Amino acid sequence: MSANSAEPSARVDVVLVKAGRTKIRYPSELLHDDGTRLAVRAPWAGDGVRDFGFVRFEAGDVFTEYYWRDRWYSVKEVRTAAGALKGWYCDITRPAVLTGTELVVEDLDLDLWRSADGADVRRLDEDEFAESGLPDSDPEAAAAALAALDELEHLARGNDFTDLLA
């Protein structure tokens with residue numbers, strides 16, 4: 001394992017940072033780390049229910065989350081407590097950084113949803129991204145974020161989306 005990895009079966013704290021501040025921190029179980037991609041599992045860490053209209057995240061939901069050290073996104077597989085697949089919520093982020101047992105991911109506002117059956121693929125929060133100021137303050141990061149969203153949407157609309165997580 002590299003210095004930027006942890007042993008499988010370890011506890012890892014996922015730290016989601018947005019605009020320089022910690023948005024949420026939650027414990028997870030490290031399932032896999034090959035030095036490039038990490039997979040962790042955690043229960044829904046939000047307060048109460050988050051109803052997007054097209055999906056609800058609620059107590060008991062289980063997230064299997066995939067992070068890359070070389071890609072500008074993360075993919076979260078969402079299942080009910082009974083194991084039924086709800087779909088995948090994808091965050092556009094800077095590449096993940098694991099230091100010790102802390103996995104830090106910087107959220108860049110853009111998101112993508114893919115339903116369990118693949119029929120509903122939608123880009124989210126493009127208005128928040130535009131308002132974030134990133135396109136002006138860091139044009140290279142903004143371009144990488146938009147390219148990552150385009151890549152994820154292309155994968156989500158195709159048959160190889162789940163190959164990304166295999």
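Annotation note: Cβ proximity below 7 Å between a residue of the range 30-55 that is more than 25 Å from Arg122 (Cα to Cα) and of a type in the set (A, V, I, L, M, F, W, C) and a residue that is outside any strand (DSSP E or B) and open to solvent by 70 Å² or more (accessible area, probe 1.4 Å) (sequence gap 6+ or interchain) occurs for Leu30/Ser9. When we screen Leu108, Leu155 for residues that are among the hydrophobic types (A, V, I, L, M, F, W, C), outside any loop (DSSP other than H, G, I, E, B), within 25 Å of Val40 (Cα to Cα) and out of contact with any strand residue (DSSP E or B) (no Cβ under 8 Å at 6 or more places or on another chain), the only hit is Leu155. Of all residue pairs spaced 6 or more apart or on separate chains, those with beta-carbon atoms under 8 Å, a first member in the range 109-134 that is in contact (Cβ under 8 Å) with a residue 24 or more places away in the chain and over 15 Å from Glu153 (Cα atoms) and a second member that is polar (S, T, N, Q) and surrounded by 16 or more Cβ atoms within 10 Å (Cβ to Cβ) are Asp109/Ser132.
Can you give me the number of residues within the range 78-98 that are part of a loop (DSSP other than H, G, I, E, B) and either open to solvent by 10 Å² or more (accessible area, probe 1.4 Å) or among the charged types (D, E, K, R) (or both)?
Taking the range 78-98 first, the residues part of a loop (DSSP other than H, G, I, E, B) are 80-84, 94-96.
Remaining after also requiring either open to solvent by 10 Å² or more (accessible area, probe 1.4 Å) or among the charged types (D, E, K, R) (or both): 80-84, 94-95.
Selection size over the range 78-98: 7.
Sort out which residues of the range 35-57 are open to solvent by 60 Å² or more (accessible area, probe 1.4 Å), farther than 21 Å from Leu110 by Cβ and not in a strand (DSSP E or B), and write them in order of number. Asp47, Val49 - these are the residues of the range 35-57 that are open to solvent by 60 Å² or more (accessible area, probe 1.4 Å), farther than 21 Å from Leu110 by Cβ and not in a strand (DSSP E or B). All conditions but one from (1) open to solvent by less than 50 Å² (accessible area, probe 1.4 Å); (2) under 15 Å from the mean Cα position of the chain (by Cα); (3) modelled with pLDDT under 95 apply to Leu124; the one that does not is (3).
Taken as a whole, the structure leaves Asp117 outside the set of residues that are in contact with a strand residue (DSSP E or B) (Cβ under 7 Å, 6 or more places away or on another chain), closer than 21 Å to Val78 by Cβ and of a type in the set (D, E, K, R).
The values are calculated or read from the model by the stated rules, or taken from the named source; none is laboratory data. Computed from a predicted model, the values in this text were never measured in an experiment. Quick reminder, even Gly has a Cβ in these numbers, built from the backbone with ideal geometry, and neighbours come from all protein chains shown. Keep in mind that these areas ignore ligands, DNA and RNA; they rest on the heavy atoms of the full protein, side chains included. Shrake-Rupley method; radii C 1.70, N 1.55, O 1.52, S 1.80 Å.
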